[in-house]
Structures are given as structure tokens and as C-alpha cells.
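Enquirer: Mind looking over this structure? Questions follow.
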Amino acid sequence: MEAYNFFLNEEGHLRSGWRLAIFAIAFFICAQLSEVLLLRGIAGVQHRSVLEVAGSNWGFISGHGAILISAGLVGWACGALFEELPFRALGSSPHPGWLWNLGIGSALGAGSLLLAALLATVTRGIHFRFDTAGPRSIGTTIAVSAFIFVFAAAAEEILFRGYPLQTFTRANLAWLGILLTSVPFAAVHLNNPNVVPGFTILNTALAGLWLAVAYLRTRSLWLPLGLHWSWNWTQASLLGLPVSGIDRIAPAPLLRAINSGPDWLTGGSYGIEGGAACTLALLISTLIIWRTKLFSPADVPTGQARSNAVASPK
């Protein structure tokens, strides 16, 4: 019987746990440096202090820009060094059907959020009225926030559904990859304003599962990107709800939400992601993604360790 190697697997590659650890350390260092450089660059162009920029939407953009750059570069480097994979293995390159996945993901993400809002509305937990800011302000908010939400979602997807999830999937440990990406995905939201104990981490971890299933159904990031950005954009820019407690990104939404409670259903000041209406909508949407055949799978390299941990439903 061949002796167990603590560091290398049967194909001679570094084991997935070590690959994730190296990715995490390299990503953290790269992200810190990238954010400092981006903040200083933006501050220099705008002739403002770094602190002023950091407290504005530009600070939000620079933070997610650092995540996008670092997760992409470090993920590509780890895939190339440890698994002999090209950049397109990250699932972020265009492939046949990528635009379809992005489009249908965007529709499904918006529809899932609207389902959560409908559940809260029919129980009279949330009421809506049209914003009085005027067409120009509302149109600007809808357009600008769409760019911000696409950008932010791309950064979070390439970090959480990128190399960390994918390297465990290639090691036939997709369940562990989902756990190790969904829980941190939920944990990073715990410092947001108006956090709801229990529901915040439950729903955000469930959203991590929702997005991970979308990746596993297609083996690319276009479907989860569509789900992610459109959920946030519909929530903030169309319905006027806070996104995980944050409401500054969409100052003049199409509608204004009035919360009547109970907070366990509506999420209160945190937004609908902190309530049971969101839980039910995410469960329904996850089941739809897993059971339907609407999506175009990507033909991406998987290295020598072929994953059959999560097979498409028949």
C-alpha cells in the first residue's frame, strides 16, 4: 500500500488544503498593497486626501478593485504553479454560452429578489412608494449603481467562487469548498450596519451556497455574476432597500421601501437579506438553478484531478 503523502496528492500536486492556505496568504498581501495603491492613485487624480476618498463610493470601488485584481492574479498564479492550469480555468473568460448565462443569471437574480420582496409585501411587512427625487436623479442612480454592483459582484465572485472553490472541486471535495467559501462570505458581512443576529449569517451563507451551485452547474463565473449583481441592484436601485445594511450606493432609487415589520420577516434596517422572506426566496432559487437545464456549461480545463463530486442532475 502506497504511503500517504501529507503534502502531495496522487497526481503529484500540492494538496488542496495547502493550495488554499497559500492562496489566502498571497491574496491578503496582494489585496492590501493593491488597495493602498488604488486609494493613493484616486486621491492624486481627484486632488483629495486618502481619507476623503476612502470614505466615499470611490473607497468602496478601490476596495473591490483590489479584491478583483488580487483574486484574479493570485488565483491564476496558484492554478498555473500548483495544478498546471491556464488562466481560463478560473471560469472568467468568455466561452460559448457565456452571455446567455450572464443574461439569464441577471434575470433570475432580479426575480429571486423580487420574490423575497413579494413575500414581505403580501404579509404587509414592507410597503413601497415612488421616490420623489425626480427622473434625472433616479436615472443617474440606476445607471451608476448598476456599474458599481457589477464591479463589486465580479470582485466577490472571483474571490469566493474563483480559485478557493474551484481547487477543492477539482480535488473531489466540492462540499468542503462550498463550506470554506460560504461561511467566510457570510462572516465578512457581520461588520455591516444593522446586522441581524442569526439571519445575517444564515442568509449570507445560504447566498454563498446559491452562488456556488450556480458555478458548479456551469463551471464558469458568468452565471453567479449575473445572479449576484442583479440581486443587489434590484434590491437597492429599484426597490430602495438596504443591501446588507448599506444604502449609500443608491441615493435615489425608483421606489422607497417602508418597513412595517416584523423584522424577523423583513430584516428591519439591515434590509430584506436579514429576514425569513430572503431565506425562502434563496432556497427556491437554488432549487431552480440546480434542477433546470437552462444554462450553458463551460468547457474549462480541470487539470489531472477530474472532479465528479457534483454532477449535473439528470
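Enquirer: Would you kindly derive the ³J(HN,Hα) couplings of region 228-239 from the backbone phi angles with the Karplus curve 6.51 cos²θ - 1.76 cosθ + 1.60 (θ = phi - 60°), listing them in order in whole Hz, with x for Gly and Pro?
Expert: Residue by residue, region 228-239 yields 5, 5, 6, 4, 5, 5, 4, 4, 8, 8, 9, 9 Hz.
Enquirer: Oh, and also: What percentage of the solvent-accessible surface of the chain, computed with a 1.4 Å probe over protein heavy atoms, is contributed by carbon and sulfur atoms?
Expert: Values: 10220 of 14790 Å².
It is 69 percent, rounded to a whole number.
Enquirer: Let a ≥ b ≥ c be the square roots of the eigenvalues of the Cα gyration tensor of region 179-314; is it rounded (a/c under 1.5), or, if not, prolate (a/b larger than b/c) or oblate?
Expert: prolate
Enquirer: Check which residues have an amide H placed less than 5 Å from LEU241's amide H, if you skip close sequence neighbours.
Expert: ALA236
Enquirer: Further question on the same structure: Which one, TRP222, PHE295, LEU179, projects farthest toward the positive side of the charge dipole computed for region 161-314 from Cβ point charges (K/R +1, D/E -1)?
Expert: Selected residue: PHE295.
Enquirer: If you don't mind, another one. Using only the heavy atoms of the protein chains and a 1.4 Å probe, how would ASP247, ASP299 rank by accessible area, largest first?
Expert: Values: ASP247 110, ASP299 135 Å².
The ranking, largest first, comes out as ASP299, ASP247.
Enquirer: Let me ask something additional. Based on DSSP H runs of at least 4 residues, each adding -39500 (n - 2.57), what is the mean residue ellipticity at 222 nm of the chain after dividing by all its residues, to the nearest 500 deg cm²/dmol?
Expert: Counting only the DSSP helices, I get -20000 deg cm²/dmol.
Enquirer: Something else: Per residue, how much accessible surface does the chain expose to a 1.4 Å probe? Answer in Å², no decimals.
Expert: Ligands and nucleic acids excluded, the result is 47 Å² per residue.
The values are calculated or read from the model by the stated rules, or taken from the named source; none is laboratory data. Since the model is a prediction, treat every value here as computed from it, not as a measurement. Methodologically, a virtual Cβ is constructed for each residue, glycine included, from the backbone with ideal geometry; neighbour enumeration extends over all protein chains shown. For accessibility, only protein heavy atoms count, side chains too; no ligands or nucleic acids. Shrake-Rupley method; radii C 1.70, N 1.55, O 1.52, S 1.80 Å.
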